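The values are calculated or read from the model by the stated rules, or taken from the named source; none is laboratory data. What you see is a predicted model, and the numbers here were worked out from it, not measured in a lab. So basically every Cβ, Gly included, is an ideal-geometry build from the backbone, and we count neighbours across all protein chains shown.
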């Protein structure tokens, strides 16, 4: 199965997880499906049998409300049984509404409050330098994270201390809980903002829903691994279901039965098309 298929299958399964539980964050989970799938199935050096392995690459899902997608990808990678996904947001489940590093195998940082992902990623990357480790630290964040002052303090720190193999991956879907990001707190020109902090920024904004482009971005990261890097990916909130795409109302609302039926059909059709393309 190709990574593009894995991402789309995960999107379909997450849609079902959220419908079954009656709550969860569909919009932001759908927008980062390809990013997380490519990380775990192409980029990362991790071992599901040793989730605390010292030399593993680290992933921080700073936009912790996208936990359903992270859980699904971790399950497909083998960090815990796939059947456990049905316990999402249930009492005493390891799969809480936001990731918890104390309970869930494969989760490197407990996240939820936006903004602290880059700060902790900086710490992990600096720890690698001090301990002479070669692991990578990837911080996946969204628009909301960049509305927080702490993120920009951490970016200033990254520019000063320049730890190697720290990558800030921006899931730039431009939609937040209460509306379009441009109405709430405009971030553009985002590339120029990062460059003004003297960080190494990828020369293009990649399509975050095309695995081939994410792989191209990985090639660029490897060529620039001796200092912190920023890669921006243009994505769509609620990707894959036409009536949820780029709609802030679908940030975290329950998926009703009628929407579930219609959305599932769209997601299945796209998955079938991807599968047919590789036959």
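Given the criteria assigned to a loop (DSSP other than H, G, I, E, B) and in contact (Cβ under 8 Å) with a residue 12 or more places away in the chain, does residue 20 qualify? Judged against the criteria, residue 20 is not a match. The numbered conditions (1) surrounded by fewer than 14 Cβ atoms within 10 Å (Cβ to Cβ); (2) at pLDDT 95 or above; (3) more than 19 Å from the chain's Cα centre (by Cα) are all true for residue 276 except (2). Of all residues in the stretch 74-112, exactly one satisfies the criterion of being crowded, with 24+ Cβ neighbours inside 10 Å and either in a helix (DSSP H, G or I) or at pLDDT below 95 (or both), namely 74. For the stretch 37-56, filtered to residues that are touching a strand residue (DSSP E or B) at 6+ places or on another chain (Cβ under 9 Å) and part of a helix (DSSP H, G or I), the residue that is nearest to residue 135 (Cα to Cα) is 43. Residue 217 satisfies every condition listed in (1) in contact with a helix residue (DSSP H, G or I) (Cβ under 8 Å, 6 or more places away or on another chain); (2) in a helix (DSSP H, G or I); (3) buried (at least 18 other Cβ atoms within 10 Å of the Cβ) except (1).
All conditions but one from (1) touching a residue at least 40 places away in the same chain (Cβ under 8 Å); (2) under 17 Å from the mean Cα position of the chain (by Cα); (3) surrounded by fewer than 19 Cβ atoms within 10 Å (Cβ to Cβ) apply to residue 54; the one that does not is (2). Being under 12 Å from the mean Cα position of the chain (by Cα) and either farther than 24 Å from residue 166 by Cβ or in a helix (DSSP H, G or I) (or both) is a description that applies to residue 28. Flag: residue 240 matches the condition of being within 22 Å of residue 7 (Cα to Cα) and part of a loop (DSSP other than H, G, I, E, B). Have a look at 187, 126 and point out the one that is part of a helix (DSSP H, G or I), surrounded by fewer than 19 Cβ atoms within 10 Å (Cβ to Cβ) and either touching a strand residue (DSSP E or B) at 6+ places or on another chain (Cβ under 9 Å) or touching a residue at least 40 places away in the same chain (Cβ under 8 Å) (or both). Unique residue meeting the criteria: 126. Taken as a whole, the structure places residue 153 among residues that are in contact (Cβ under 8 Å) with a residue 24 or more places away in the chain and either buried (at least 16 other Cβ atoms within 10 Å of the Cβ) or over 22 Å from residue 36 (Cα atoms) (or both). Among the residues making up the stretch 214-249, those that are within 25 Å of residue 65 (Cα to Cα) and without any contact (Cβ under 8 Å) to a residue 12 or more places away in the chain are 245, 249.
Which members of the stretch 253-273 meet the condition of being assigned to a loop (DSSP other than H, G, I, E, B), surrounded by fewer than 22 Cβ atoms within 10 Å (Cβ to Cβ) and at pLDDT 95 or above?
Of everything in the stretch 253-273, those that are assigned to a loop (DSSP other than H, G, I, E, B), surrounded by fewer than 22 Cβ atoms within 10 Å (Cβ to Cβ) and at pLDDT 95 or above turn out to be 254, 256.
Kindly indicate the residue of the stretch 160-184 that is assigned to a helix (DSSP H, G or I) and in contact with a strand residue (DSSP E or B) (Cβ under 8 Å, 6 or more places away or on another chain) and also surrounded by the fewest Cβ atoms within 10 Å (Cβ to Cβ) among those meeting that condition. My answer is 184.
Take the conditions closer than 20 Å to residue 3 by Cα and either touching a helix residue (DSSP H, G or I) at 6+ places or on another chain (Cβ under 6 Å) or at pLDDT 95 or above (or both) and apply them to residue 231. Does it pass? Yes, satisfied.
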